[in-house]
1. Among all residue pairs at least 6 apart or on different chains, which show Cβ distances below 6 Å where the first residue, located in the stretch 114-138, is under 19 Å from A257 (Cα atoms) and the second is in a strand (DSSP E or B) and polar (S, T, N, Q)?
2. Enumerate the pairs (first residue in the stretch 161-189 and basic (K, R); second residue anywhere and surrounded by fewer than 22 Cβ atoms within 10 Å (Cβ to Cβ) and part of a strand (DSSP E or B)) with beta-carbon separation below 8 Å, excluding pairs fewer than 6 apart on the same chain, so at least 6 apart or on different chains.
3. If a residue counts only when it is touching a Ser or Thr at 6+ places or on another chain (Cβ under 6 Å), which strands (runs of 3 or more DSSP E) contained entirely in the stretch 155-219 have at least 3 such residues?
4. Being among the β-branched types (V, I, T) and crowded, with 22+ Cβ neighbours inside 10 Å: is that true of T98 here?
5. Among the residues of the stretch 224-268, write down those that are in a loop (DSSP other than H, G, I, E, B) and surrounded by fewer than 24 Cβ atoms within 10 Å (Cβ to Cβ).
6. Conditions: (1) surrounded by fewer than 17 Cβ atoms within 10 Å (Cβ to Cβ); (2) within 30 Å of E99 (Cα to Cα). K182 meets all but one. Number of the miss?
7. Filter the stretch 142-178 for residues that are closer than 15 Å to F125 by Cβ, surrounded by 19 or more Cβ atoms within 10 Å (Cβ to Cβ) and modelled with pLDDT under 95 and give the result.
8. Given the conditions (1) closer than 26 Å to F62 by Cα; (2) modelled with pLDDT under 95, report the number of the one that T124 does not fulfil.
Amino acid sequence: MRSTSALALLMASLAVGALPACSGDGDTGGDPDAGTSPGTDGGTGGTGNGKCPANAIICENFDNGMNGWKTPDEEHNATIEIDGTRPRSGSGALHVVTEAGHDERTGTEEDPQAIAHLRKDIPTFGTALYARAYVYLNRAAPQDVMGTYFILFSPKDGDFGGIELQGIIKGNFALDDWSGIKGTGWNYQDDLTVTTTPNQWNCIEWGVQRATATATTGHAQVWVNGAQAFDFPNVGMRPFSNFAVGYGFVHPHGDSASETWIDDLAVATTRIGCE
């Protein structure tokens, strides 16, 4: 679960970036009919061609610098920047480097985290939201450590909470749920069939769905290079209004060094697919 200190920092992130970097025809993401019911694949038959769809909330190739992205959370023993060291396409990519040697178990560090993300406000979550990004990891997450890719977050009083897609050992995934909804919590992939591979670009998709725009639980799916890796049940839902992308470890166990690049990010109310 996300640490208390991280929650406090997230509460300080109310003022974050502008709205969509690339938007479609006024789609707000709050249409109660826009999604599919929990338990469905959420778009296997119509995954798109990997390009930003007309209803895109965010289309970002990181070729234009910060482009409205914000870092309201301080960088926790990590650096995050947009540079040209390893773009998948174009001239830029998001580049995250986490420091070695941080270990929350020692109890001696005031801030043992090694993590950094960029954030933007998004239209309030309705019934379905999909994120797609290409991710290049120099290594899989180490044993007993979770590396966070994407975060959906609600900073609203009375609706505070969030969920995040994490990478775990051997290229598997976990879903960290700190929504505060009863009966929900951390959930991990227990099927090794579809995983990420270090030192190459992986197309990672994350789909979050609930049956109605007021449902307090739903489910979340993850795909790698078009193949479904896992479907996380009993995920707590809030009126999420903030999206974060980056990488790093909230609870590192000493082995906290990593280098990650992220490029060709898209967020939409329908599944985007891989190019």
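The values are calculated or read from the model by the stated rules, or taken from the named source; none is laboratory data. Treat the numbers as computed from the prediction; the structure is a model and nothing was measured. FYI the Cβ positions are ideal-geometry reconstructions off the backbone, even for glycines, and counts take in every protein chain you see.
1. A114/T98; V135/N202; L137/T260
2. none
3. Working: elements: 161-167, 173-177, 201-209.
By residue number, 161-167.
4. Numbers: among the β-branched types (V, I, T): yes; crowded, with 22+ Cβ neighbours inside 10 Å: yes.
When the stated conditions are applied, T98 passes them.
5. Filtering the stretch 224-268 down to residues in a loop (DSSP other than H, G, I, E, B) leaves 225-226, 237-241, 250-252, 254-257.
The answer is N225, G226, R238, P239, S241, V250, H251, G254, D255, A257.
6. Just one mismatch for K182, condition (2).
7. Narrowing the stretch 142-178 to residues closer than 15 Å to F125 by Cβ: 150-156, 159-165, 177.
Adding the requirement that they be surrounded by 19 or more Cβ atoms within 10 Å (Cβ to Cβ) leaves 150-155, 161-165, 177.
Answer for the stretch 142-178, where residues must be closer than 15 Å to F125 by Cβ, surrounded by 19 or more Cβ atoms within 10 Å (Cβ to Cβ) and modelled with pLDDT under 95: just P155.
8. Every condition holds for T124 apart from (2).
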